[in-house]
1. Can you say whether residue 111 is more than 16 Å from the ligand (Cβ to nearest atom) and open to solvent by less than 10 Å² (accessible area, probe 1.4 Å), as far as the supplied structure shows?
2. Within the range 283-297, is there a residue that is under 14 Å from residue 341 (Cβ atoms) and of a type in the set (Gly, Ala, Ser)?
3. Starting from the range 140-156, take each residue that is of a type in the set (A, V, I, L, M) and list its partners that are open to solvent by 20 Å² or more (accessible area, probe 1.4 Å) and within 12 Å of the ligand (Cβ to nearest atom), counting only C-beta distances under 7 angstrom and pairs at least six apart or across chains.
4. Name every residue in the range 146-164 that is open to solvent by 20 Å² or more (accessible area, probe 1.4 Å), on the phi < 0 side of the Ramachandran plot, within 16 Å of the ligand (Cβ to nearest atom) and not charged (D, E, K, R), in order of residue number.
5. Just checking: which of the strands (runs of 3 or more DSSP E) contained wholly in the range 223-342 hold 3 or more residues that are closer than 29 Å to residue 115 by Cα?
6. Are any residues in the range 40-98 within 14 Å of the chain's Cα centre (by Cα) and among the small types (Gly, Ala, Ser), and if so, which ones?
7. Within the range 313-323, can you find the residues that are touching a Leu at 6+ places or on another chain (Cβ under 7 Å), farther than 11 Å from residue 62 by Cα and of a type outside the set (A, V, I, L, M)?
8. For the range 21-64, name all the residues that are open to solvent by 20 Å² or more (accessible area, probe 1.4 Å), within 22 Å of residue 116 (Cβ to Cβ) and at pLDDT 95 or above.
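The values are calculated or read from the model by the stated rules, or taken from the named source; none is laboratory data. Since we're looking at a predicted model, the values are computed, not measured. Please note: Cβ atoms are built from the backbone with ideal geometry, for glycine as well, and neighbour counts cover all protein chains shown. Surface areas here come from the heavy atoms of the whole protein model, side chains and all, with no ligands, DNA or RNA. Shrake-Rupley method; radii C 1.70, N 1.55, O 1.52, S 1.80 Å.
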Amino acid sequence: MGNSDDLAKYSRQVLFAGIGEAGQRRLVAARVAIVGCGALGSAQANALVRAGVGHLRIVDRDFVEESNLQRQMLFDEADAREALPKAVAAEQKLKSINSSVEVRGVVADLTPENAEELLEETELMLDGTDNFETRHLINDLAVKTGRPWIYGAVVGSYGVAMAVVPGRTACLSCLLEDRREAGVEETCDTVGVISPAVNWVAAFQVSQALQLLVGSWTLETARLVRADLWRNEFHSSPAPLPRAGCRTCARREFVHLAGEARPQITLCGRNSVQIHERGRRLDLDGLRQRLAAHGEVRNNPYLLRLRLPEHELTLFADGRAIIRGTTDPALARTIYARFVGS
Ligand SMILES: [Zn+2]
């Protein structure tokens, strides 16, 4: 640790009684992961990097599109034009915001196979995902290893968030078994989303992250919060306690981490299907030459995109494909087999 001059740029946080110099030093030493760098993840990453959280890992499987820019504050038109992976675009932008923070963007889909490795050596995880499959994976890992994570979800103008602290609060399985959270059935792809709702949820998540990192989070003040930023309704209730008999945090059965609940083909919204061929890396250069005969091919160092008359095929080096223009897994599989191989 250096002297207090290192902290000069964080002077407004050091002045803040809840953080102070000791808290700021903890933030500078902290290791945090953000899973999913869409709207929520962008807002979280932006705030944490500016706050001086020393080491930030960002895991995201997607690439930037023009329709993201309305709410995903780290990205711009150039990122969308180049179809940069969000993890890469975020890393670049965040390094220009605060060069003292170590930021690492990882282009990957969080899966049962890679979750432990991708999230190792992080003391806290933030939920920037848009699906419960990945949240359950984070929850399993968090409970298994006794690390906190911060749940957050947004649909339309509605948002919900809570810090999940294993052994202290309910976990995600406890929460969802009690009752279905509003917003679970709908997605941003069917009812849209507005940025005030995103930023409200992300702001709460970041406040929980800072409290946990500096050691001032308490169960007494922990809350499950919900809001509707269009109806102007705000609710806060004490964070639920662990539920007796919960499969995850009481019985310690980590079914999501064990991979039992995970399909290889997933609908990933916006009229798209993702196919994840595990253990099959793709030779993007070879594919680019071969696929050029079939349609317009664009590529960057991370992905390759083939435009077909009715579909768009985006291939990642880690073996994933996103087929846009359908929600039919069988058709997506056919397109994948035809252009990549079965
Ligand atoms: Zn539980």
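1. Values: more than 16 Å from the ligand (Cβ to nearest atom): yes; open to solvent by less than 10 Å² (accessible area, probe 1.4 Å): yes.
Criteria met by residue 111.
2. Yes - at least one qualifying residue is present in the range 283-297.
3. 142/166; 143/166; 143/249
4. 148
5. Details: elements: 223-228, 233-238, 265-267, 272-276, 296-299, 303-307, 312-316, 320-324.
Those strands (runs of 3 or more DSSP E) span 223-228, 265-267, 272-276, 303-307, 312-316, 320-324.
6. If the condition is that a residue be within 14 Å of the chain's Cα centre (by Cα) and among the small types (Gly, Ala, Ser), then 41, 42, 43, 45, 87, 90 are the ones that fit.
7. Step one: list which residues in the range 313-323 are touching a Leu at 6+ places or on another chain (Cβ under 7 Å), which gives 313-317, 319, 321, 323.
Filter once more, keeping what is farther than 11 Å from residue 62 by Cα: 313, 317, 319, 323.
Scanning the range 313-323 gives a single hit, 319.
8. Listed by number, the residues that qualify are 31, 55, 57.
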